[in-house]
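A quick write-up on the structure given underneath.
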Amino acid sequence: MRMAVQTVKLSFQIRGSDFVNAGEASSNTKKALSRIGLNPSVVKRAAIAMYEAELNAMIHAGGGQADVEIFPDHVVIQIADRGPGIPDVDLAMQAGWSTAPDIAREMGFGAGMGLPNIKKHADDMRIETIVGQGTTITIHILFA
Amino acid sequence: MSIHHSVQLNRSLCVGCTNCIKRCPTEAIRVRNGKAKIADERCIDCGECIRACPHHAKSAVMDEFSALDQYAYTVALAAPSLYAQFGTPATRVMVLAALGNAGFDDVFEVAVGAEIFSRHASIWLHDALKKGKRPLISSACPVVVRLIQMKYPNLIDHLLPFDAPMEISARLAREQAREKTGLPDEQIGVFFISPCPAKRTAVVSPISSDNSYVDGVIAVSEAYPLILARLEKLESHQVASFANRHLAGSSGVRWGYSGGEALSLDTERYLAVDGIHNVIAILEEVENERLKDIDFIEANSCTGGCIGGPLTVANRFSGKSRQRGYIMAARDLARKHPGAIYPAGQVQIDPWKKELEPNEALKLDKDIFKALQKYEQMEKITADLPGLDCGACGAPDCEALAEDIVRGEASETFCIFKLKERLRLVAAQMSELEQEMNRHLEDDEEESDEAGEAVQ
Ligand SMILES: Nc1ncnc2c1ncn2[C@@H]1O[C@H](COP(=O)(O)OP(=O)(O)O)[C@@H](O)[C@H]1O
Ligand code: SF4
Ligand code: SF4
Ligand SMILES: [Mg+2]
């Protein structure tokens, strides 16, 4: 028998095309992680990876939902949306590839570095996507 | 980590209002038993609470002029922001001469240290940028450095790793005094005339070395009336005695306000942010790697930069306009008499030897299991509190009270709404008890009535 470990769960709604409050979910998560006292570099990696995924849901998918679960040795961040899905994941993962609308680009988003940036900062990243149904990105960050 | 603090509370003046707790950028203040209390490990000596307190209960503990008596020879270090306190017809040399007349044997400009700093920092910065480190952050404001140690430890190695201009000037002033007088170091007193309490903290508990070259830090506001009185009585030979001395160039004098430091670093891609709450917003962006197109960030805790320091006298808008006058005059001087400017390029300085430590005061617990538990509890308590952030409990907002409860430093009934709820509950229970008691009494009466009837 294993003892149940205490975890902390956070969840946030991400509103579509809400550029003003962009990044709120990841900034709140960041606050929680640093309060808990995780290593600053871990906090930073989690915050950056989550921010990119959160923004993708906001810009490309009309919003979605973020769920975070903090374990004693890792954190799992899941961003799920019911947007258009990603037809070619390999292409989307390429640095610089972007289908961001003009409005996003004008505001300084849409450089096509989001997904590569998540990959760079996460210990594990999984993309489940079905065209026409939506995308779920799951990010794992290990603490040590 | 125990550091000395120059910002202190005068308990007898504190009325326990909530003005300061709401303004403190690190949530370091709580009101308990009707009086404010500063948590030492969280205070970064920004002085925001001094500005916020309408009862003047928060003040800076600074050195006084009487401290000069301990030394055989004294030198005053003039902060660049000191000049801006005095308007025309005062000139920089006049302010320096009047400062000297206020009781010092000699004066030295911190603006000189600033120019030396800039030369070295500029070379170091362009080297670091080439290695891909970006953006680099100014380390001249001690409040910002302490903030980074506590809230943004990831950014510690983005700081320009050089002693602040105050230390550089203090070292030079001390060397000069030693040469001139032959006195040993202990008998030479170097005093910084400071716009803020943070600089005194940085002298008593230096940021990256064991000892400061400065012996005492006197508030600009303390020196102001003395300088003003002597400005009026200044004699021409006193001003003339500065004619054969080196003065700082315009780029050093420009450090007095926000943007001055950045302008001397040879990069167009800089950002100057002032006001501690704005600084926090920008550092957040930097930590999240959203300002990678910026080479250098100048961050000043005070709005407007040091001319807006909590211990300055002049209004910071007129201060800025005056400072511009001093800068123009310095530029003119350099053009007409290049030899009059301090040869900053000849002075060597070294980067910090010691790596700065993070300050872990914000952590909930060292043990991750306990920290997770506490966080979970904190969330629950926060959700249960009214969310009005009224401050009546003595904490800056409901979340902070929840944190205090979890840390075992407060209880839920500190919240007046929770207390009211509890009172209502107790009152309801009381009235229930009362009714029950009345019922018993009535029963008793009936019984005794019956007994009475029986007797009749
Ligand atoms: N949640 C999503 N839903 C639909 N398409 C997405 C989503 N996330 C990413 N994409 C697609 O992948 C591309 C690359 O994403 P990213 O690397 O974050 O760059 P950017 O967001 O700057 O375009 C996007 O332009 C978009 O076409
Ligand atoms: S000086 Fe600044 S950090 Fe310290 S208690 Fe006052 S407001 Fe808070
Ligand atoms: S901005 Fe200048 S005056 Fe204000 S705290 Fe920082 S160093 Fe002191
Ligand atoms: Mg993106």
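The values are calculated or read from the model by the stated rules, or taken from the named source; none is laboratory data. The model shown is predicted, which means the values in this text are computed figures rather than measured ones. No Cβ is skipped: glycine too gets one built from the backbone with ideal geometry, and neighbour counts run over all protein chains shown.
Given the conditions (1) away from chain B (no Cβ under 11 Å); (2) at pLDDT below 95; (3) closer than 24 Å to B:Ile280 by Cβ, report the number of the one that A:Ser17 does not fulfil.
Looking at each condition in turn, A:Ser17 falls short on (3).
So, in region B:184-222, exactly how many residues are away from ligand 2 (no atom under 15 Å from the Cβ) and hydrophobic (A, V, I, L, M, F, W, C)? Before you say what the answer is, go through the steps one by one.
Looking only at region B:184-222, we keep the residues that are away from ligand 2 (no atom under 15 Å from the Cβ), and these are B:184-193, B:203, B:206-218, B:220-222.
If we keep only those that are hydrophobic (A, V, I, L, M, F, W, C) as well, we get B:188, B:190-193, B:203, B:207, B:214, B:217-218, B:220.
Adding up the residues that qualify gives 11.
Looking only at residues in region B:1-15 that are part of a loop (DSSP other than H, G, I, E, B) and without any contact (Cβ under 8 Å) to a residue 60 or more places away in the chain, which one is farthest from ligand 4 (Cβ to nearest atom)?
Out of the qualifying residues, it is B:Ser12.
Mind counting the residues in region B:349-386 that are in contact (Cβ under 8 Å) with a residue 12 or more places away in the chain, farther than 27 Å from B:His158 by Cβ, within 12 Å of chain A (Cβ to nearest Cβ) and outside any helix (DSSP H, G or I)?
Selection size over region B:349-386: 0.
Go through region B:299-347 residue by residue and tally those that are in contact (Cβ under 8 Å) with a residue 60 or more places away in the chain and farther than 21 Å from B:Leu228 by Cα.
17
Filter region A:97-118 down to residues that are within 11 Å of the chain's Cα centre (by Cα) and exposed (fewer than 15 other Cβ atoms within 10 Å of the Cβ), then give me how many there are.
Selection size over region A:97-118: 0.
Within region B:26-52, count every residue that is near ligand 2 (Cβ under 9 Å from one of its atoms), crowded, with 17+ Cβ neighbours inside 10 Å, more than 14 Å from chain A (Cβ to nearest Cβ) and in contact (Cβ under 8 Å) with a residue 60 or more places away in the chain.
Residues meeting the conditions: 7.
Going through B:Ser12, B:Ser2, B:Ser66 one at a time, which residue ends up being more than 16 Å from ligand 1 (Cβ to nearest atom) and either in contact with a helix residue (DSSP H, G or I) (Cβ under 6 Å, 6 or more places away or on another chain) or at pLDDT 95 or above (or both)?
B:Ser66
Enumerate the helices (runs of 4 or more DSSP H) found wholly within region B:223-316, keeping only those where 3 or more residues are away from chain A (no Cβ under 14 Å) and within 14 Å of ligand 3 (Cβ to nearest atom).
So the answer is B:260-263, B:276-287.
Can you give me the ranges of the strands (runs of 3 or more DSSP E) entirely in region B:34-122 with at least 1 residues that are farther than 30 Å from B:Cys17 by Cα? First the steps, then the outcome.
Working: elements: B:35-38, B:58-60, B:73-78, B:106-109.
It comes to B:73-78, B:106-109.
Restricting to region A:46-82, and then to whatever is more than 10 Å from chain B (Cβ to nearest Cβ) and more than 16 Å from A:Gln13 (Cα to Cα), can you tell me which residue is nearest to the chain's Cα centre (by Cα)?
A:Ala49
Listed here are the residues, each with its yes/no results for (1) aliphatic (A, V, I, L, M); (2) within 14 Å of another protein chain (Cβ to nearest Cβ); (3) under 15 Å from A:Gln13 (Cβ atoms); (4) within 16 Å of ligand 3 (Cβ to nearest atom).
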site: A:Ile86; (1), (2), (3), (4): yes, no, no, no
site: A:Thr99; (1), (2), (3), (4): no, no, no, no
site: A:Ile103; (1), (2), (3), (4): yes, no, no, no
site: A:Gly108; (1), (2), (3), (4): no, yes, no, no
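Kindly indicate which of B:Ala198, B:Ala173 is touching a Phe, Trp or Tyr at 6+ places or on another chain (Cβ under 9 Å) and either surrounded by 17 or more Cβ atoms within 10 Å (Cβ to Cβ) or in a loop (DSSP other than H, G, I, E, B) (or both).
From the options B:Ala198, B:Ala173, the qualifying one is B:Ala173.
Check off (1) within 16 Å of ligand 2 (Cβ to nearest atom); (2) at pLDDT below 95 for B:Pro89 and give me the number that stays unchecked.
(1)
When A:Ser41 is evaluated against the numbered criteria (1) surrounded by 16 or more Cβ atoms within 10 Å (Cβ to Cβ); (2) more than 9 Å from ligand 1 (Cβ to nearest atom), which criterion, by number, is the only one it fails?
A:Ser41 satisfies every listed condition except (1).
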